[in-house]
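Engineer: Before we start, here is the structure in question, set down as structure tokens.
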Amino acid sequence: MSSASRQPYGVRAQRHPNALVKRLFEIAEAKKTNVTVSADVTTTKELLDLADRLGPYIAVIKTHIDILSDFSEETITGLTKLAEKHNFLIFEDRKFIDIGNTVQKQYHGGALRISEWAHIINCSVLPGEGIVEALAQTASSPDFPYGPDRGLLILAEMTSKGSLATGEYTKASVDYARKYRGFVMGFISTRALTEVQTDVTTAAEDEDFVVFTTGVNLSSKGDKLGQQYQTPRSAIERGADFIIAGRGIYAAPDPVEAVKQYRQEGWEAYLARIGASQ
Ligand code: 5BU
């Protein structure tokens, strides 16, 4: 685990050169939460309702906007307003995976207008370096109106059984993150990746990539379709800065009670990691 991940979020916020990461750490510190809820519901009403009820307890909401049956302007304005009201960021888990020219159009414009409302996006590096270069280029172009308020996570590992996002693939993820570290905020991975030795790039001395870990659940080990879970505590111990939980929270009998539990376990594990007394 990197020395950065043993520092408090507040200290990392102060030191971080990326404006969006700074804001993310400030939110975590202010709201005492490292929970990202994966709001995998299928109507705008359910999404906005969840965002409003869980908003006070989360740092980030993660969406799969293409699973909504009624995506519209109302979805965007509603979610944006709730993000401001409760001070959380929006992460669209679109997993871009195509040639640069295509992903630029999928990200900025198109039917889903992702760049307009999602602070954070992610991509796979299966297509090679060009995908990261293309997304970074769009975000830094003079006519991109959202400037430093946008960032990219590289999908370096996956939680599903038999995942092929391992070895050389994961190594390339770290390489490209290091190369495009202005726009790349960090990784989706099951553990910290700072120890990964890359061939092309070298880690900056002040390297501080944010680690988001999916597949987090307090009461289940997995599902029937290959999902594999770990607990909030184990994810944080392995290097997650933010834990992502979906069904464990939104499908619980009382999602507000559930999010409070994840928040508490995630926060206690974080305090233990930074060596703070509880
Ligand atoms: P769950 O209900 O907590 O299993 O939902 C997990 C969410 O995280 C869901 O939206 C997945 O698409 C997402 N996910 C994942 O589960 N595993 C991964 O490796 C990645 C994303 Br990347």
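Engineer: Divide by every residue of the chain the summed helix terms, -39500 (n - 2.57) for each DSSP H run of at least 4, and state the resulting mean residue ellipticity at 222 nm, rounded to the nearest 500 deg cm²/dmol.
Structural biologist: Values: 11 runs with 112 residues, N = 278.
So the helix-based figure for the chain works out to -12000 deg cm²/dmol.
Engineer: How much net charge surrounds Leu135 when only the other residues with a Cβ under 14 Å from the Cβ of Leu135 are counted, with Lys and Arg +1 and Asp and Glu -1? Write out the running numbers ahead of the final one.
Structural biologist: Values: positive: Arg94, Lys95, Lys105, Arg150, Lys179, Arg181; negative: Glu92, Asp98, Glu129, Glu133.
Surrounding charge for Leu135 is +2.
Engineer: Something else now. Over the heavy atoms of Leu164, what accessible area does a 1.4 Å probe trace out, to the nearest 10 Å²?
Structural biologist: 150 Å²
Engineer: For the chain, which span is the longest to avoid every loop-located (per DSSP) member of GluC sites (Glu not before Pro) having at most 11 other Cβ atoms inside 10 Å? Each step should come with its number before you reach the end.
Structural biologist: Numbers: sites that count: Glu195, Glu205.
No qualifying site falls inside 1-194, the longest such stretch.
Engineer: Starting from 0.36 nm per residue, how many nanometres of slack lie between Leu126 and Arg53 once their C-alpha separation is accounted for?
Structural biologist: Contour length minus Cα-Cα distance gives 22.6 nm.
Engineer: Taking every eigenvalue of the Cα gyration tensor of the chain, multiplying by 5 and rooting it, what semi-axes result, largest first, whole Å? Numbers along the way, then the final one.
Structural biologist: Working: eigenvalues 122, 110, 69 Å².
Semi-axes (√(5λ), whole Å): 25, 24, 19.
Engineer: Continuing with this model, one more query. In region 153-219, carbon and sulfur make up what percent of the accessible area (probe 1.4 Å)?
Structural biologist: Here it works out to 50 percent.
Engineer: Determine the dipole magnitude for region 158-239: charges of +1 sit on the beta-carbon of Lys and Arg, -1 on that of Asp and Glu, nothing else is charged, the reference point is the Cα centre, and the result goes in debye to the nearest 20.
Structural biologist: On the way: 10 positive and 10 negative charges, 97 e Å.
Charge dipole of region 158-239: 460 debye, to the nearest 20.
Engineer: Give me the dipole magnitude in Debye, nearest 20, for the chain about the Cα centre, with unit charges on the beta carbon: positive for Lys and Arg, negative for Asp and Glu. Before the final figure, lay out the partial values.
Structural biologist: Details: 31 positive and 35 negative charges, 114 e Å.
For the chain, the charge dipole is close to 540 debye.
Engineer: Here is a further query. Over region 173-278, calculate the relative contact order: mean separation of alpha carbon pairs under 8 Å at least 6 apart, over the residue count, as a percent. Let's see the in-between values first.
Structural biologist: Numbers: 139 pairs, mean separation 24.3, N = 106.
So the answer I get is 23 percent.
Engineer: From Cα pairs below 8 angstrom and at least 6 apart in sequence, can you work out the relative contact order of region 35-84, rounded to a whole percent? Intermediate values should be presented prior to the final figure.
Structural biologist: Details: 54 pairs, mean separation 23.6, N = 50.
That works out to 47 percent.
Engineer: Please check the chain for the longest run free of trypsin sites (Lys or Arg not before Pro) that are loop-located per DSSP (anything but H, G, I, E, B) and have at most 14 other Cβ atoms within 10 Å. Walk me through the intermediate numbers first.
Structural biologist: Working: sites that count: Lys161, Lys221, Lys224.
Longest run free of exposed loop sites: 1-160.
Engineer: For Lys161, list the aspartates and glutamates whose Cα falls under 13 Å from its own Cα; do not include residues on the same chain fewer than 8 positions away.
Structural biologist: Here the aspartates and glutamates satisfying the reach criterion relative to Lys161 are Asp223.
Engineer: Under a crude label model (7 Å from the Cα following the beta-carbon direction), how far is Ala204 from Lys95 in nanometres?
Structural biologist: Reported label-point gap for Ala204 and Lys95 is 2.9 nm.
Engineer: Could you tell me the relative contact order of the chain? Use alpha-carbon pairs under 8 Å, at least six residues apart, and round to a whole percent.
Structural biologist: Relative contact order comes out at 19 percent.
Engineer: Taking only protein heavy atoms and a 1.4 Å probe, what accessible area per residue, in Å², does region 1-119 have with all protein chains in place?
Structural biologist: Working: 5000 Å² over 119 residues.
With the other protein chains kept in place, region 1-119 gives 42 Å² per residue.
Engineer: According to a simple spin-label model (label point 7 Å from Cα along Cα-to-Cβ), what is the distance in nm between Glu46 and Lys179?
Structural biologist: Spacing of the two 7 Å Cα→Cβ label points: 4.0 nm.
Engineer: Can you tell me how much longer the chain between Lys221 and Gln137 gets when fully stretched, taken as 0.36 nm per residue apart minus their C-alpha distance, in nm with one decimal?
Structural biologist: Working: separation 84, 0.36 × 84 = 30.24 nm, distance 3.97 nm.
Taking 0.36 nm per residue and subtracting the Cα distance, the gain is 26.3 nm.
Engineer: Compute the separation of the alpha-carbon centres of region 149-207 and region 212-278 and state it in Å as a whole number.
Structural biologist: One Cα centre to the other: 21 Å.
Engineer: Under the rule of at least 5 residues apart or a separate chain, name every residue whose amide H is placed under 5 Å from the amide H of Arg94.
Structural biologist: Counting only residues 5 or more places away or on other chains, the set is Asn122.
Engineer: Taking the Cα-to-Cβ direction at Gln14 and at Ala30 and moving 7 Å from each Cα, how far apart do the two end points lie in nm?
Structural biologist: In this crude label model, Gln14 to Ala30 measures out at 1.8 nm.
Engineer: For a quick check of your reading of the filter: which chymotrypsin sites (Phe, Trp or Tyr not before Pro) in region 191-248 sit in a DSSP loop and have no more than 14 other Cβ atoms within 10 Å?
Structural biologist: Details: sites: Phe209, Phe212, Tyr229, Phe242; in loops: Phe209, Tyr229.
Those that pass, being in a loop and sparsely packed, number zero.
Engineer: Got a sec to turn the phi values of region 33-40 into Karplus ³J(HN,Hα) couplings, 6.51 cos²θ - 1.76 cosθ + 1.60 with θ = phi - 60°, whole Hz, x for Gly and Pro?
Structural biologist: 8, 10, 8, 10, 9, 8, 8, 8
Engineer: Among Gly226, Phe96, Thr42, which residue has its Cα positioned farthest towards the positive end of the charge dipole of the chain, with +1 placed on the Cβ of Lys and Arg, -1 on the Cβ of Asp and Glu, and the dipole taken about the Cα centre?
Structural biologist: About the Cα centre, the residue reaching furthest to the positive side is Gly226.
Engineer: How high is the FRET efficiency from Gln264 to Asp70, r the C-beta distance, R0 25 Å, rounded to 0.05? Write down the numbers at each step before the final one.
Structural biologist: Values: r = 34 Å, r/R0 = 1.36.
Using R0 = 25 Å, I get an efficiency of 0.15.
Engineer: Could you go through region 48-57 in sequence order and give the Karplus-derived ³J(HN,Hα) for each residue, using 6.51 cos²θ - 1.76 cosθ + 1.60 with θ = phi - 60°, rounded to whole Hz, and x for Gly and Pro?
Structural biologist: Residue by residue, region 48-57 yields 5, 5, 4, 4, 6, 6, 8, x, x, 10 Hz.
The values are calculated or read from the model by the stated rules, or taken from the named source; none is laboratory data. Not measured: the values here are computed from a predicted model. Please note: Cβ atoms are built from the backbone with ideal geometry, for glycine as well, and neighbour counts cover all protein chains shown. Please note that ligands, DNA and RNA were not included when accessible areas were found on the heavy atoms of the full protein model with its side chains. Shrake-Rupley method; radii C 1.70, N 1.55, O 1.52, S 1.80 Å.
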